[in-house]
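A short write-up of the structure that comes next.
The values are calculated or read from the model by the stated rules, or taken from the named source; none is laboratory data. Being a predicted model, the structure only gives us computed values, none of them experimental. Quick reminder, even Gly has a Cβ in these numbers, built from the backbone with ideal geometry, and neighbours come from all protein chains shown.
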């Protein structure tokens, strides 16, 4: 199931977005009036904008608007190692399980990691390790929900929707600042 499958996105919905360069390549931040609905990392602004358009095909897409500039500045500050917490409002929808996983991920302290298995156990679902991995892969708001802080049981990086090189860089950045 695609990350946006449970998100609202009906006709007439306004989505504001911006794409900026960042230490990880390009950063797209998109939001509704309620909060951030998408944060993506990629290799080009065009790729990120096309991905956003396909995720929300019926929305009215506009560059800039709302609190977008402030929220983008906070994310860039995090990527520069100046801001260790991203407590930003979100406007995302998903299954109840994915929401549980994402809430738990937001409690992992900056500079620390957990395994997929530890996340599953913390939710009282010892047998849901793969489902936790799937929820991490479906995370629509990179960095704000820090799925990069989740590793395999053997300490390996596992997967990362935005590329393992970015995951490794993010973890190194957090541990250097911590």
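Some points to look at:
- Of the set (1) farther than 20 Å from residue 24 by Cβ; (2) touching a strand residue (DSSP E or B) at 6+ places or on another chain (Cβ under 7 Å); (3) surrounded by 15 or more Cβ atoms within 10 Å (Cβ to Cβ), all apply to residue 121 but (2).
- In this entry, residue 26 passes the filter for residues that are crowded, with 17+ Cβ neighbours inside 10 Å and either at pLDDT below 95 or under 19 Å from residue 165 (Cβ atoms) (or both).
- Residues in segment 124-178 that are crowded, with 19+ Cβ neighbours inside 10 Å and on the phi > 0 side of the Ramachandran plot: 143, 158.
- Odd one out for residue 1, checked against (1) in a loop (DSSP other than H, G, I, E, B); (2) at pLDDT 95 or above: (2)
- Of the helices (runs of 4 or more DSSP H) entirely within segment 54-152, those holding at least 1 residues that are closer than 18 Å to residue 167 by Cβ, modelled with pLDDT of 95 or more and not assigned by TED's automatic domain parsing to the domain that holds residue 162 occupy 68-79.
- Residues of segment 147-166 that are within 17 Å of the chain's Cα centre (by Cα) and closer than 14 Å to residue 115 by Cβ: 147, 148, 149, 150, 151, 157, 158, 159.
- Considering only residues in segment 95-114 that are surrounded by fewer than 19 Cβ atoms within 10 Å (Cβ to Cβ) and out of contact with any helix residue (DSSP H, G or I) (no Cβ under 8 Å at 6 or more places or on another chain), the one that is nearest to residue 173 (Cα to Cα) turns out to be 109.
- Verdict on residue 72 being under 17 Å from the mean Cα position of the chain (by Cα), within 25 Å of residue 173 (Cβ to Cβ) and crowded, with 21+ Cβ neighbours inside 10 Å: yes
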